[in-house]
Amino acid sequence: METHLSTLPSPSSCSRDTSKSQGAGSGTKARWGGAQSTLGRRTGSTRGRSCAEGTAMVLLHVLFEHAAGYALFAVKEVEEIGMLLPQVEESVLNLGKFSTVVKLAAFSPFKSAQAALENINAISEGVVHADLKLLLETSLPAAGKKKKVVLGVADAKIGAALQEELGLSCQAGGVVAEILRGVRLHFHALVKGLTAQSASKAQLGLGHSYSRAKVKFNVNKADNMIIQSIALLDQLDKDINTFAMRVREWYGYHFPELIKIVTDNSTYCRLARLIGNRKELSEESLEALEEVVMDSAKAQAILEASRSSMGMDISPIDLINIESFSNRVISLAEYRKGLQEYLRSKMSQVAPNLAALIGDVVGARLISHAGSLTNLAKYPASTVQILGAEKALFRALKTRGNTPKYGLIFHSTFIGRAAAKNKGRISRYLANKCTIASRIDCFSEVPTSVFGDKLRDQVEERLSFYETGDAPRKNLDVMKEAVKEATEVAAEIKRKLEKKERKRKKREKRKLEALAAAVDEEVEEETKAKKAKTNGEENGEPETVVKKKKQKQLVEEEGQEVVEPETPQTDKKKKKKKKKKSKAEEDE
């Protein structure tokens with residue numbers, strides 16, 4: 001769709017028409033040559049007036065979008081050529097001069113922060129929001145035969161949308177850009193009740209919410225967890241190796257033959273904890289040894305070696321220390337296994353295609369080395385190919401030698417399986433596929449490993465092509481299949497998520513209904529208690545009497561007699577009578 005933006009009539013065109021009748025001496029140069037025209041100064045010549053009378057009058061209104069709301073400003077007659085002068089550009093900074101030209105016609109504040117976010121999203125997409133439409137329909141004057149209404153906008157995209165939907169004549173750039181510059185500068189002064197502080201707060205809040213919506217942050221795609229996990233995994237490998245070597249040296253003084261029989265560090269530490277003192281090892285412990293070693297021949301060899309070992313004797317306190325340290329190494333090895341599972345699950349959420357193509361560990365190392373999945377997606381294939389071999393690259397550039405063929409991707413299985421002459425070719429091809437996989441993972445909304453599996457098949461076909469010469473499938477055909485499968489898988493995942501969401505909403509609804517029922521019961525009990533209290537007060541019976549009556553009724557129903565509690569008033573009366581009698585006797 002073409003955007004037709006109308007322009008204001010330039011006074012220079014009017015002066016050219018009148019100059020034909022009055023001679024060449026009165027040109028436009030004398031009128032516009034000087035820098036005396038300021039913002040909003042009307043032309044004082046009769047030629048300008050006669051031109052304005054001959055053509056339709058133009059009413060310029062400027063639309064300004066602010067974080068607080070939409071503002072519509074009415075602009076007096078402005079000289080288009082004069083606006084471009086440096087003196088006029090400086091006068092825009094002066095509020096006194098600027099306010100004589102630009103007046104606030106209407107202001108529509110946003111009702112809430114959510115409404116402001118909806119409006120800014122609509123403007124950024126070039127869509128006319130209902131709030132903007134209502135403001136323009138109610139506040140913008142209608143165009144007639146003698147007057148033409150022009151709406152100045154900052155963005156030509158929204159101007160085209162307004163022209164298509166409301167049939168308005170819109171203008172962008174030139175005079176409008178200069179006026180909007182002044183409006184942006186003096187906005188808080190032109191709108192009553194709006195301070196500079198409140199305007200900046202509105203802009204800050206809207207900026208945060210708009211950026212958050214644009215970024216679309218997803219908790220499941222937090223690649224920094226992958227970076228920390230792979231770093232911790234490398235550190236654990238170093239620590240477990242160091243500690244296991246310490247256990248080997250320590251326990252080797254007592255049972256040196258065990259080092260040659262068992263090579264795995266974790267298994268050695270388990271055996272050191274299980275055996276303890278080798279002299280106590282017997283045929284009964286053979287089954288436990290088989291469970292640890294997973295080999296009956298090795299278990300029998302350990303038992304025989306313990307009987308004829310040349311190791312030194314060891315004290316119980318030393319064995320306790322060795323066992324406690326072995327427990328620590330075993331717990332670290334178990335934690336490493338759990339961390340590796342966590343890394344696998346995280347890679348399947350964040351970068352499933354990259355993990356399916358090159359493996360969890362190598363993919364995590366690539367993300368860690370690049371800094372993030374987004375950075376890796378931005379890298380070209382040539383950079384991904386040598387990622388991790390920077391030292392060798394710069395050394396080769398310095399010495400003008402051969403540059404490295406591969407970096408971190410060397411640890412993938414493909415390069416190891418390729419022949420020596422094809423290692424460079426397959427590494428280049430693999431880097432290309434890794435770049436595609438990382439970009440799909442970075443920018444896809446629903447994580448699936450369909451593309452990664454297809455890319456892995458392509459690399460396998462390329463390997464067989466280098467070995468046997470069989471031509472691989474075309475990339476276009478493979479990608480068509482992948483797109484079809486990915487669409488089906490994404491639809492299935494979305495359906496499951498929607499089902500989960502419906503179940504969650506049902507559970508929440510039941511909880512709310514249960515809470516509401518409990519509240520209603522409490523309210524009913526309170527109202528019943530209040531009614532009972534008010535009924536007792538109206539009948540003139542205090543609460544104690546009512547309670548006693550209830551007690552009597554209950555006792556009568558059970559067939560028992562009611563024994564009323566003795567009132568302390570009778571005792572007091574008797575005491576008073578005794579006192580009176582004693583006084584009377586004394587008087588007599």
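Considering only segment 267-283, state which residues are without any contact (Cβ under 8 Å) to a residue 40 or more places away in the chain and part of a helix (DSSP H, G or I). Within segment 267-283, Thr267, Tyr268, Leu271, Leu274, Ile275, Arg278, Lys279, Glu280, Glu283 qualify. Filter segment 411-449 for residues that are charged (D, E, K, R) and closer than 14 Å to Leu357 by Cβ; which is surrounded by the fewest Cβ atoms within 10 Å (Cβ to Cβ)? Out of the qualifying residues, it is Arg439. Select from segment 286-308 the residues that are buried (at least 17 other Cβ atoms within 10 Å of the Cβ) and not aliphatic (A, V, I, L, M) and write down the one among them that is nearest to Ala333 (Cα to Cα). Filtering segment 286-308 for residues that are buried (at least 17 other Cβ atoms within 10 Å of the Cβ) and not aliphatic (A, V, I, L, M), the one nearest to Ala333 (Cα to Cα) comes out as Lys298. Report whether or not Lys201 is more than 21 Å from Ala105 (Cα to Cα) and charged (D, E, K, R). Against the criterion (more than 21 Å from Ala105 (Cα to Cα) and charged (D, E, K, R)), Lys201 qualifies. Pairing each residue of segment 319-346 that is without any contact (Cβ under 8 Å) to a residue 40 or more places away in the chain with any residue that is part of a helix (DSSP H, G or I), provided the two are 6+ apart or on different chains, yields C-beta distances under 7 Å for Arg344/Asp360. Say whether the condition of being surrounded by 11 or more Cβ atoms within 10 Å (Cβ to Cβ), within 30 Å of Ile415 (Cα to Cα) and in contact (Cβ under 8 Å) with a residue 12 or more places away in the chain is met by at least one residue in segment 493-512. No, segment 493-512 contains no residue that is surrounded by 11 or more Cβ atoms within 10 Å (Cβ to Cβ), within 30 Å of Ile415 (Cα to Cα) and in contact (Cβ under 8 Å) with a residue 12 or more places away in the chain. Determine if segment 132-149 includes at least one residue that is among the β-branched types (Val, Ile, Thr) and in contact with a helix residue (DSSP H, G or I) (Cβ under 7 Å, 6 or more places away or on another chain). No, segment 132-149 has no match at all.
Filter segment 404-423 down to the residues that are within 40 Å of the chain's Cα centre (by Cα) and outside any helix (DSSP H, G or I) and list them by number. Once the filter is applied, which keeps residues that are within 40 Å of the chain's Cα centre (by Cα) and outside any helix (DSSP H, G or I), segment 404-423 yields Pro404, Lys405, Tyr406, Gly407, Ser412. Taken over segment 235-266, the criterion of being farther than 20 Å from Pro316 by Cα, in a helix (DSSP H, G or I) and out of contact with any helix residue (DSSP H, G or I) (no Cβ under 6 Å at 6 or more places or on another chain) is satisfied by Gln235, Asp237, Lys238, Asp239, Asn241, Thr242, Met245, Lys260.
Evaluate segment 315-329: report whether one residue or more is assigned by the TED database to the domain that holds Lys238 and aromatic (Phe, Trp, Tyr). Checking segment 315-329: at least one residue is assigned by the TED database to the domain that holds Lys238 and aromatic (Phe, Trp, Tyr). Within segment 465-479, being assigned to a helix (DSSP H, G or I), surrounded by 12 or more Cβ atoms within 10 Å (Cβ to Cβ), free of Cβ contacts under 8 Å to residues at least 40 places away in the same chain and not β-branched (Val, Ile, Thr) holds for Phe465, Asn475, Met479. Kindly check whether there is at least one residue in segment 200-210 that is in the same structural domain as Gly152 (by the TED database), over 26 Å from Gly126 (Cβ atoms) and not β-branched (Val, Ile, Thr). Looking for residues that are in the same structural domain as Gly152 (by the TED database), over 26 Å from Gly126 (Cβ atoms) and not β-branched (Val, Ile, Thr), one finds at least one in segment 200-210, hence yes. Among the residues that make up segment 330-337, is at least one of them over 19 Å from Val459 (Cβ atoms), modelled with pLDDT under 90 and charged (D, E, K, R)? No, segment 330-337 has no match at all.
The values are calculated or read from the model by the stated rules, or taken from the named source; none is laboratory data. Remember, it's a predicted structure, so these values are computed and weren't measured experimentally. Virtual Cβ from ideal backbone geometry, glycine too; neighbours counted across all protein chains shown.
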